[in-house]
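One structure is given here, and the rest of the page talks about it.
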Amino acid sequence: MTFLERVSPDVVAACWLKAELSSPRFRPRVIAALKRLDLSSRLIRRPILASVRENRLRHQVLRLHRGDLWGGLPHRTEWWRAVIPPQEFRRLRVINYPTWTLLSRDTGRLSAAATVIARGIVPAQATGRWAHEARAVITNVLQIRDRLPEVEIQNQFILMGQSTGRIWTILEGNKRATALYIRHFLAKSAPFPPPIRVLVGLTEERCAYLRLA
């Protein structure tokens, strides 16, 4: 990974919301959070990062929309804009969450999840709620693989890892990353694009969503 420049949490919040506003799964929740706070979607679609007020409001929307994840990230996180080459992209980990653990066959590896999802079959050990969620993720990823323009698939993945480690977990963009992996490494339908742009958080604190191995 090549680190380019430090960024503020305001940049991360804006990118996170913009990505999820275009997500079939999360868009209704983002819109609902905006309506609850009586805010326009322009706040996300065309963010003015120099505005202290706007940044504060976007943080409020993100806490309301994804307080479970955004609120659970370590406070002492150093955020960077970076790029990762193809060989490092292949080694990414999916978020530490039961659905993705099942889809990656308990490995946490993006490569394993992509292989399972490309087959379109829910793992046998997934039952009840987790089987339903796994099916929804599989359907969504395959739709992204087939329909989403390349430039949109690459839109600012958000990663996190320990500053002394070399393992990076995808916080935002798990489905897009999986679609990209299937398209380029499994199906080999096109050459892998130039180094992928990411935002990456570095922390030494514990975080339930990170994978450390």
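Here, each number is a calculation from the coordinates, and none is a lab measurement. Computed from a predicted model, the values in this text were never measured in an experiment. Heads up, the Cβs are rebuilt from the backbone with ideal geometry, glycines too, and the neighbour counts pull from every protein chain shown.
Rounded to the nearest 10 degrees, what's the angle between the helix 9-21 long axis and the longest principal axis of the chain, both from Cα atoms, 0 to 90? Approximately 60 degrees, to the nearest 10. As a length-normalised measure over Cα pairs under 8 Å and 6 or more apart, the relative contact order of region 78-203 settles at 36 percent.
Across region 8-70, Cα pairs under 8 Å and at least six residues apart give a relative contact order of 39 percent. The Cβ shell under 11 Å around Leu202 holds other residues with a net charge of -1, Lys and Arg each +1, Asp and Glu each -1. Shown is the FRET efficiency for Val83 and Ile31, computed with R0 = 25 Å from the Cβ-Cβ distance and rounded to the nearest 0.05: 0.20.
With a cut-off of 18 Å on the backbone N, the residues of region 71-93 near the modelled label site 7 Å out from Arg197 along Cα-Cβ are 79-86, 89. Within the straight-line cut-off of under 25 Å between alpha carbons, the lysines reachable from Lys188 are Lys175, sequence neighbours fewer than 8 places apart in one chain being disregarded.
For the options Leu49, Leu17, Leu73, a Gaussian network treatment of the chain with springs between C-alpha atoms closer than 10 Å singles out Leu49 as fluctuating the most.
Nearest 10 degrees is fine. How inclined is helix 52-70 to the longest principal axis of the chain, computing both from alpha carbons? Roughly 30 degrees, rounded to the nearest 10.
Relative to the longest principal axis of the Cα atoms of the chain, the long axis of helix 27-36 lies at roughly 20 degrees. Ordering 105-112, 123-130, 41-48 by mean Cβ neighbour count within 10 Å, with the highest value first, yields 105-112, 41-48, 123-130.
Label positions at Phe3 and Arg119, each projected 7 Å from the Cα along the C-beta direction, are separated by 3.9 nm.
What shape does region 8-70 take by its C-alpha gyration tensor, where a ≥ b ≥ c are the square roots of the eigenvalues and a/c under 1.5 counts as rounded, a/b above b/c as prolate, and the rest as oblate? Cα axes put region 8-70 in the rounded bin. A protection proxy built from the mean count of other Cβ atoms within 10 Å ranks the segments 176-184, 136-144, most packed first, as 176-184, 136-144.
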